[in-house]
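Some notes on the structure that comes next.
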Amino acid sequence: MVTVENVRKSYSSVLAVDDLSFQAKPGEIFGLIGPNGAGKSTTIRMIMNIIAPDSGRILFDGKPLAESDKSRIGYLPEERGLYKKAKLGEVLEYLAAIKGAAKADARASINTWLARFDLMEWKNRKVSELSKGMAQKAQFIGAVAHNPSVVFFDEPFSGLDPLAQDQLLGVMTELKEKGATILFSTHIMEHAEKICERILLMHKGRMVCTGTMGEIKARYGKNAVQLEFDGDAGFIKHLDYVASVSAYPRWIEVELKEGADSNTLYSALAGRLKVRRFETVAPSLHKIFITQVGGVGEADGTALPGAAVSDSGVGAQAGEANDVQA
């Protein structure tokens, strides 16, 4: 179990993490989510003892991290780093060796992972010859080849196509089922919603909310309808019983006012839109994220109001929902 208690970290005038507390338990995937610059990577680096917190404490199974604990930890950092001039197999064996894995065990594990990710034919090729997606898979193998019991994934899906993303999600679920403690950092709500049992939403270094997925949706949930259609839906936001409308690339989410009946909305659509899907649902994690954190669409690159400075000093961006235009 990884325990973070009242941890705080500042960089010059920027408060990156402010009084943060949570636990990540064995056999679960804990999602540390929030916009870029929320303090997620800084938190993981403090847990890894790469940087030290200004205050608070971090415990592994109730004790401070010891040198002997490091061999049971796997880490996929946000910033990738593989030795580009070395052969892929040699790099992966080296990464396993510095985690204490026996050479024969490491080689067998690496071969299994390379075959699973369709990289076996690249084993004796230089890392520099790999595509971005291939290199990302290789970095993932480097994080798990020594069979760690605690794994940190910091924005693991960067550079991966949808098929590879699903493959990685499946592997993370398998690691969880084997009893590993997995801390998963992302600003992509869809990924967190698919696999996380519990989440902690961060913004500007502080916790916004935390709990199981069910608890979060029950606490912040609204009377919502997801709708796919053909036609102009601009009129929906002007209906008296509609609280808000959020638009996504292929669908919209309509939040109804308290006491409103979704059947009333359905009747209002007749003759005005060609409805392809009409579903009463708990709000998506993305919708809760937008509601709690604020901001507008990722697609147009607009930063959050008062966006925090990221770990690299770049302004944070988040969200992809926009009001439907009439």
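Report the FRET efficiency, 1/(1 + (r/R0)^6), for Ala104 and Gln292, where r is their Cβ-Cβ distance and R0 is 41 Å, rounded to 0.05.
0.25
Of [x] 19.4; [y] 21.5; [z] 22.5, which one was derived for Kirkwood radius over Cα pairs in Å from the structure shown?
For Kirkwood radius over Cα pairs in Å, the calculated option is [y].
Which of the lysines could a cross-linker span from Lys257 if the Cα-Cα distance has to be under 23 Å and same-chain partners fewer than 8 positions apart are dropped?
Lys217, Lys222, Lys237, Lys287
For the stretch 222-281, report the translational diffusion coefficient in µm²/s to the nearest whole number, using Stokes-Einstein at 4 °C, 1.567 mPa s, and a Kirkwood Rh over Cα pairs.
In µm²/s, the coefficient rounds to 114.
If a helix is a whole DSSP H run, which ones in the chain reach 18 Å or further along their own axis (Cα) and hold a mean Kyte-Doolittle hydropathy of at least 0.0?
132-144
Work out the count of Lys pairs in the stretch 82-146 where the Cα-Cα distance is under 17 Å, with the pair 8 or more places apart or on different chains.
Count of close lysine pairs: 16.
What number comes out for the charge environment of Arg198, summing +1 per Lys or Arg and -1 per Asp or Glu over other residues with Cβ under 11 Å away?
-2
Read-outs throughout are calculated quantities, based only on the coordinates presented, and are distinct from any laboratory measurement. Model, not experiment: these values are computed from the prediction. Here the Cβ is made from the backbone with ideal geometry for all residues, glycine too, and neighbour counts use every protein chain on show.
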